[in-house]
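The values are calculated or read from the model by the stated rules, or taken from the named source; none is laboratory data. Treat the numbers as computed from the prediction; the structure is a model and nothing was measured. Cβ atoms come from the backbone with ideal geometry, glycine included; neighbour counts cover every protein chain shown. Ligands, DNA and RNA are stripped out before the accessible areas are found, and what is left, the full protein with its side chains, is counted by its heavy atoms. Shrake-Rupley method; radii C 1.70, N 1.55, O 1.52, S 1.80 Å.
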Amino acid sequence: MEALKMFRLFRKAMLRLPRRRVSSNSTTAMKAVNRKEEFSSRLAAGPNLKEFLAKNTPPAETSPHVEEDPPPYITSSASLSVNNKVYLETYGCQMNVNDTEIAWSVLQKSGYVRTYSAGEADVILLVTCSVREKAEQTVWNRLQQLCALKRKRCRSKGPMKIGILGCMAERLKEEILQKEKLVDILAGPDAYRDLPRLLAVAETGQQAANVLLSFDETYADIMPIQTSANNISAFVSIMRGCDNMCSYCIVPFTRGRERSRPVHSILQEVQMLSDQGIKEVTLLGQNVNSYLDSSSVPFSAPAASKLSRGFSTIYRPKKGGLRFVDLLDQVSRINPEMRIRFTSPHPKDFPDEVLQLICDRKNICKQIHIPAQSGSNSVLQTMRRGYTREAYLDLIQNIRQCIPGVSLSSDFIAGFCQESEKDHQQTLSLLREVSYNTAFLFAYSMRKKTNAYHRLVDDVPPEVKKRRLEELISVFREEATRVNQRAVGSTQLVLVEGPSKRSPTELCGRNDGNIKVIFTDTQAAGASSEQNGIRVQPGDYVLVKITSSSSQTMRGQLVGVTTLQESPACCEV
């Protein structure tokens with residue numbers, strides 16, 4: 001690069017000839033020609049680019065290795081012997097849990113140490129959510145508490161730095177930095193690699209921010225470090241961002257466009273988790289089943305991604321690459337005794353081959369999250385969901401035919417823009433018709449930057465939203481209670497998580513449908529004499545005969561210890 005720079009300077013100097021007005025006079029024209037010929041001969045006689053390169057490149061055998069000074073914001077772990085305790089708090093979805101693990105992996109490599117006490121921390125980082133107003137208000141309230149802690153800390157132990165990470169940093173960057181100067185650093189979902197530099201800048205007393213969204217960041221080369229005490233299950237991010245642009249959703253504006261992590265990177269992480277004894281892995285993404293890795297095969301492959309029948313997208317079908325069914329196939333082969341789940345999908349991306357694979361593989365849980373959002377066609381159209389109520393119900397019927405005993409969960413929004421009472425009743429009827437095992441129900445809160453913010457009016461009064469939400473919750477619980485009641489008398493395969501929170505004499509775990517199952521902590525009556533007397537441990541698969549149920553949990557009696565592959569295929573709700 002230096003040689004090229006010098007050569008360009010030489011040519012530039014040669015071109016610096018006096019500028020003269022050229023007239024039609026023949027003598028003047030002749031002089032101009034002579035000057036041009038003179039310049040050409042001087043340029044030809046001068047050194048060329050190869051000579052510059054030769055003079056500035058030492059021979060390979062004698063070229064010394066020079067250790068360059070690192071950038072000023074890259075510090076060694078030794079220099080972080082003070083002010084290096086970091087405390088992490090996570091808000092929102094499972095993707096934020098995974099983001100916390102990525103951020104901690106980056107910080108640990110830069111010499112930071114983890115503390116689980118905010119009062120002991122030199123750095124407090126909040127990984128935030130912006131999907132709903134309530135989630136953001138929780139963070140604002142927490143910041144006020146931390147500000148008081150920060151002032152107290154400065155008087156006793158020195159300065160404390162507070163940072164906001166994730167979606168809220170991306171959505172409210174200016175407001176966060178300006179509001180009462182509570183925050184020292186901001187890092188958006190694609191800026192976690194930059195955390196060491198941001199913290200170094202903050203140490204100088206300045207606010208530091210990086211909220212740039214990326215077209216290709218997947219953190220594929222960063223191995224997340226689990227931040228929870230649970231060593232039974234783990235989350236694995238397979239993609240980031242979303243292209244669907246539903247009118248109510250802030251995700252495309254806080255997490256950017258859809259991009260998928262390479263298959264080999266995901267398989268490496270799942271294998272590592274399996275080697276560590278993890279028994280359940282959940283594949284994560286904003287639109288997880290539209291996964292498409294074009295890094296391993298030619299992108300020009302002719303076949304386009306298949307959609308569920310009756311569904312459409314606002315973007316052109318993507319061609320080539322390894323798809324979700326390919327990834328799910330390979331992940332499920334790593335360890336037949338490891339359960340595989342995935343969330344959150346979009347209903348449009350459930351072609352028959354995905355459903356058939358779920359049915360065929362015993363370690364892929366027969367539980368599908370299939371967000372509906374509304375039961376009204378007019379509201380679905382306003383939401384830009386790309387399907388009708390009828391297409392959604394056809395998909396539900398197809399899923400249940402392909403996967404007998406499947407457990408279904410969903411998302412619903414109460415009080416979206418222009419939602420009438422008739423629309424609300426149609427959503428209630430959809431809840432009754434499908435009968436979900438689990439549902440996540442929320443009142444609508446408008447988000448800036450979304451299509452709804454620019455084109456629609458949030459015209460449903462808050463008290464109406466509240467009432468409609470309560471009605472959705474009531475109907476859901478009625479149906480979930482009825483569905484779970486069917487399991488009474490059946491034997492369920494349960495992955496043990498640990499002691500029940502309410503009783504030390506009971507254990508809890510989750511069945512294949514992700515429903516919590518509580519049973520008495522007694523010695524397992526194993527299938528063979530070798531198993532008799534073995535205490536049930538977290539991470540064990542056990543058979544539990546269900547004796548009672550509610551809308552959220554089941555209770556039962558321990559039958560025995562088993563394995564995932566050896567458990568009866570009839571363990572279904």
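Worth pointing out:
- Applying the criterion of at least 2 residues that are without any contact (Cβ under 8 Å) to a residue 24 or more places away in the chain and within 24 Å of the chain's Cα centre (by Cα) to the helices (runs of 4 or more DSSP H) found wholly in segment 123-225 leaves 133-156, 173-178.
- Of SER274, SER247, SER332, all but one fail to be closer than 19 Å to MET383 by Cα and more than 19 Å from the chain's Cα centre (by Cα); the exception is SER247.
- The numbered conditions (1) part of a strand (DSSP E or B); (2) surrounded by 17 or more Cβ atoms within 10 Å (Cβ to Cβ) are all true for PHE440 except (2).
- Residues that are out of contact with any Cys (no Cβ under 9 Å at 6 or more places or on another chain), open to solvent by less than 10 Å² (accessible area, probe 1.4 Å) and outside any loop (DSSP other than H, G, I, E, B), drawn from segment 240-262: ARG240
- Within segment 92-122, considering residues that are hydroxyl-bearing (Ser, Thr, Tyr) and assigned to a loop (DSSP other than H, G, I, E, B), the one surrounded by the fewest Cβ atoms within 10 Å (Cβ to Cβ): SER117
- Check on ASN287, in contact (Cβ under 8 Å) with a residue 24 or more places away in the chain, of a type outside the set (A, V, I, L, M) and open to solvent by 20 Å² or more (accessible area, probe 1.4 Å): no
- Failed item, numbered, when GLY489 is tested on (1) more than 21 Å from ALA439 (Cβ to Cβ); (2) at pLDDT 95 or above; (3) in a strand (DSSP E or B); (4) open to solvent by less than 60 Å² (accessible area, probe 1.4 Å): (3)
- Residue within segment 383-405 that is open to solvent by less than 20 Å² (accessible area, probe 1.4 Å), in contact with a Cys (Cβ under 8 Å, 6 or more places away or on another chain) and closer than 30 Å to GLU170 by Cβ present: yes
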